[in-house]
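Read through the structure below, which is laid out as structure tokens, and then see the notes.
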Amino acid sequence: METFDAIVVGGGPAGSNCARTLVRSGMRVAVLDAARFPRVKLCAGWVSPPVWEQIGLSPGDYPHGIWEWKRMHVHFAGKTRSPGCRGWLIRRVEFDDFLLRRSGAEVVEHRVQKIERGQDGFVIDGRYRARFVVGAGGTNCPVARTLFPRKERKPVATQEREFEARTPFIGGDGEPEILLHDDLGGYSWSIPKSSWTNVGCGTVDPKALLPAWSQARRFFEEEKGPIPALDAVKGHSYYLFRSDHLRDCARDGVYLAGDALGLAHPLTGEGILPAVTSGRLCAEAILGGSDYRKLLESHPMFRDYRILAAVSAAPKKPLRFLTPLIPRLFAMAFSARPLPARRAIEWWQNHG
């Protein structure tokens, strides 16, 4: 049996950033993942400016394909608006492998089956032992499934396809194209990534996914004509941020981060920034013996998420008067700009 100071289950951005922070503090860390990296991970691949700070890297130092965007085209309510914001787009197959190798942890290809508590921590499948265990294995993380209660709400549903395209797939300028669904129950996208393109669709109600995808495909093919690559899409699901998810972030030496905890942006579903942020905060809680939940709840980004989650749960019809502003708010969310007047909004929520 191999003994480590900490075992991280899941080698995605949350697990890698957590492992890197622990390793840099002198811990012996293992990352267990069922896949062999580099592995294909379908994802739009939004990297907002704060991501680079969280992983301690600049965009210019990232050694793989990267596509900077400075505005997005948002199609909503019969009109197209192109608000200016900033971000980058990456391929997860490259990004995740880079972060995992850079973490300095010992990477083991292993599918976790059984997690047992021992006197000095945890034993995984009778082969690996550690004082701390971090579940960062995504929506179906075995740590979350085994040691934490099920989430009350259903996950959102998505399906997408990533394929090679020599020129920007939609839009001559190569900027992201977003089709916001009229009921604000989801959106579809066409995302350029250097020589690759990602096209997909996501809905809060899983039953609405297939009709929404049909509509999105008609929209995207209207300009380019039939796109055979879109015949083969793959689906997956994940949980949007809710404040009550933070109640079950840790217990007695075991922690959850990223999609395993359910931290995706409550409006856009973007998951890389909350993943790397929660991974780092999780490591800091382990190293400092501090309250992980308090670190999450007090972080400015998750305070914004709390407000946005409340907005997303509100009836949509009263928001129609905001129609001209919705594309800009959406672009701001993708570039992770902080909410204006957050303190005033929080005071109104607590006292209004």
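Overview of values
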| quantity | calculated |
| --- | --- |
| Strands (runs of 3 or more DSSP E) completely within region 103-173 that count 2 or more residues being acidic (Asp, Glu), at pLDDT 95 or above and surrounded by fewer than 20 Cβ atoms within 10 Å (Cβ to Cβ) | 106-109 |
| Unique match (being under 30 Å from Gly253 (Cβ atoms) and surrounded by fewer than 18 Cβ atoms within 10 Å (Cβ to Cβ)) among Thr3, Thr80, Thr21 | Thr3 |
| Residue list for region 47-74, filter: at pLDDT below 95 and buried (at least 17 other Cβ atoms within 10 Å of the Cβ) | Ile66, Trp67, Trp69, Met72, His73, Val74 |
| Single unsatisfied condition, Leu287 versus (1) closer than 15 Å to Gly186 by Cα; (2) out of contact with any Pro (no Cβ under 7 Å at 6 or more places or on another chain); (3) among the hydrophobic types (A, V, I, L, M, F, W, C) | (1) |
| Hey, Ser237 out of contact with any Phe, Trp or Tyr (no Cβ under 9 Å at 6 or more places or on another chain), loosely packed, with under 15 Cβ neighbours inside 10 Å and touching a residue at least 60 places away in the same chain (Cβ under 8 Å) or not | no |
| Extreme residue, farthest from the chain's Cα centre (by Cα), among residues of region 83-92 that are crowded, with 19+ Cβ neighbours inside 10 Å and under 23 Å from Phe219 (Cβ atoms) | Cys85 |
| Test result for Ser214, touching a Leu at 6+ places or on another chain (Cβ under 6 Å), of a type in the set (Ser, Thr, Tyr) and modelled with pLDDT of 85 or more | no |
| Region 309-332, subset in contact with a strand residue (DSSP E or B) (Cβ under 9 Å, 6 or more places away or on another chain) and not in a loop (DSSP other than H, G, I, E, B), residue modelled with the lowest pLDDT | Ser312 |
| Failed criterion for Glu222 (all others in (1) at pLDDT 90 or above; (2) assigned to a helix (DSSP H, G or I) hold) | (1) |
| Pick from region 256-266, criterion more than 9 Å from the chain's Cα centre (by Cα) and under 22 Å from Glu53 (Cβ atoms), ranking: surrounded by the fewest Cβ atoms within 10 Å (Cβ to Cβ) | Pro266 |
| So Ala35, is it surrounded by fewer than 17 Cβ atoms within 10 Å (Cβ to Cβ), assigned by TED's automatic domain parsing to the domain that holds Ala336 and outside any helix (DSSP H, G or I) | yes |
| Trp69 vs. criteria within 18 Å of the chain's Cα centre (by Cα) and of a type in the set (Phe, Trp, Tyr) | no |
| Residue that is modelled with the highest pLDDT [pool: residues in region 278-294 that are hydroxyl-bearing (Ser, Thr, Tyr) and more than 16 Å from Val51 (Cβ to Cβ)] | Tyr292 |
| Unmet requirement for Met1, which otherwise passes all of (1) over 25 Å from Ser335 (Cβ atoms); (2) touching a Lys or Arg at 6+ places or on another chain (Cβ under 9 Å); (3) modelled with pLDDT of 95 or more | (3) |
| Checklist (1) of a type outside the set (Ser, Thr, Tyr); (2) surrounded by fewer than 22 Cβ atoms within 10 Å (Cβ to Cβ); (3) closer than 21 Å to Val156 by Cα applied to Ala275, failing item | (2) |
| Filter result (modelled with pLDDT of 95 or more and acidic (Asp, Glu)) within region 245-277 | Asp248, Asp259, Glu270 |
| Residue match in region 186-208 (condition: exposed (fewer than 14 other Cβ atoms within 10 Å of the Cβ), under 24 Å from the mean Cα position of the chain (by Cα), in a helix (DSSP H, G or I) and not assigned by TED's automatic domain parsing to the domain that holds Val47) | yes |
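The values are calculated or read from the model by the stated rules, or taken from the named source; none is laboratory data. Source: prediction; values computed, not measured. Please note: Cβ atoms are built from the backbone with ideal geometry, for glycine as well, and neighbour counts cover all protein chains shown.
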